[in-house]
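Please read the structure below before turning to the comments.
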Amino acid sequence: MTKRMTAQQRKALPLLNDARDMLKGPYPCLVVSDNGTELTSNAMLKWQEERKVDWHYIAQGKPMQNGLVENFNRRMREECLNEHLFLSLRHACRTIAAWRADYNHHRPHLSLDGLTPREYHQRSREDQTLNSAN
């Protein structure tokens with residue numbers, strides 16, 4: 001019996017392809033997600049199998065098993081989505097892109113010793129140069 005895709009499921013597939021295009025690299029080896037209907041359809045299973053992507057579903061009611069994503073989702077919701085009234089899809093895309101650029105390039109992260117991702121990346125390059133010289 002073939003399961004019909006919901007509107008959420010149809011929306012999720014292009015988002016995964018867009019995510020890959022944004023990364024400009026190969027698909028991930030593993031995706032960790034909850035058991036939401038948008039990520040459990042036959043279409044999603046087909047996408048995963050065609051691209052040889054492993055999939056791990058966290059236990060129901062255990063969001064702490066995917067803590068990094070849950071933390072990111074909370075920040076995005078509190079700092080961006082709850083703070084803006086989007087007037088159109090274009091407005092939403094621009095606002096979210098600006099927030100994402102700030103989050104990824106300009107904001108210090110505790111997990112990076114208080115550095116911005118850009119500073120951390122630069123420091124990592126300098127460390128690699130130093131290590132290769134020794």
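The values are calculated or read from the model by the stated rules, or taken from the named source; none is laboratory data. Keep in mind it's a predicted model, so treat the numbers as computed, not measured. Because the Cβ atoms are built from the backbone with ideal geometry, glycine has one as well, and the counts that use them run over all protein chains shown. Just so you know, the surface numbers come from the protein's heavy atoms only, side chains and all, with ligands and any DNA or RNA stripped out. Shrake-Rupley method; radii C 1.70, N 1.55, O 1.52, S 1.80 Å.
Miscellaneous remarks
- Within the accessible area of region 36-134 (1.4 Å probe), percent carbon and sulfur: 52 percent
- Accessible surface, 1.4 Å probe, highest first, among residues Lys52, Lys62: Lys52, Lys62
- Cα gyration tensor category, rounded, prolate or oblate, for region 29-134 with a/c compared to 1.5: oblate
- Taking chymotrypsin sites (Phe, Trp or Tyr not before Pro) across region 18-124, the ones in a DSSP loop with at most 13 further Cβ atoms lying within 10 angstrom of their Cβ are Phe86.
- Accessible area per residue for region 31-134, computed on protein heavy atoms with a 1.4 Å probe, is 74 Å².
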